1. Looking only at segment 105-122, count how many residues are outside any helix (DSSP H, G or I) and among the hydrophobic types (A, V, I, L, M, F, W, C).
2. Every residue in segment 87-116 that is touching a Phe, Trp or Tyr at 6+ places or on another chain (Cβ under 7 Å) and of a type in the set (A, V, I, L, M, F, W, C), please.
3. For segment 17-63, how many residues are open to solvent by 100 Å² or more (accessible area, probe 1.4 Å), more than 26 Å from E100 (Cβ to Cβ) and either assigned to a loop (DSSP other than H, G, I, E, B) or in contact with a His (Cβ under 6 Å, 6 or more places away or on another chain) (or both)?
4. Going by the conditions given, is T71 exposed (fewer than 12 other Cβ atoms within 10 Å of the Cβ), at pLDDT below 85 and under 30 Å from K24 (Cβ atoms)?
Amino acid sequence: MKNNNSNKGRKNKTMTTQYPKERKDAIINKMLPPLNTSVPELAKAENIPYGTLYTWKQTYVDKKCKNTKNTSHSPIQWTSEKKLSAIIETSTLSEQECNEYCRTHGLYKAELESWKTHFIKGSEQNVTQEKTDKNVLKQLRSENKKLKSGSRYFCESLFWASQPKQAAKT
């Protein structure tokens, strides 16, 4: 007779495979830029379940986002001066050097391009606004001159109107 009570008191555990940290990190790096190896491709090549790879990647991304969101190094919180400095620093770099700069500073090349476009549009708007401001100022000065001359005439007419009329001498 078999003893059916042999599993009594034990929790139902699933088998999990432990992977060395170095191997896990190497596989995660393969999923990230610049390699961007697909999860199905890696799962087949490394003989690791899809779910495990997706979990590793999501955990890595969540951890990275958590570490960069609230720091002053996050590109979202960069000042305009720092953004302009990054644009200037990368303007003379080759594509490879620019990519390296982006990696070391936690940037995407698209962010640099967006900032560059923003600064160019902003400076163009400033020039246009300056011209508009000059035209408005010219109009205001002209109107002011007209009002001053009109008010002088108005004041003079009030003054003469308030004077008693003298009878014409015959």
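The values are calculated or read from the model by the stated rules, or taken from the named source; none is laboratory data. Values in this document were obtained by computation on a predicted structure and should not be read as measured data. Every residue, glycine as well, gets a Cβ built from its backbone with ideal geometry; the counts of neighbours run over all protein chains shown. The area values use the complete protein model at the heavy-atom level, side chains included, leaving out ligands, DNA and RNA. Shrake-Rupley method; radii C 1.70, N 1.55, O 1.52, S 1.80 Å.
1. Here the count works out to 1.
2. Of everything in segment 87-116, those that are touching a Phe, Trp or Tyr at 6+ places or on another chain (Cβ under 7 Å) and of a type in the set (A, V, I, L, M, F, W, C) turn out to be I87, L93, C102.
3. Count: 2.
4. For T71, the condition - exposed (fewer than 12 other Cβ atoms within 10 Å of the Cβ), at pLDDT below 85 and under 30 Å from K24 (Cβ atoms) - is met.
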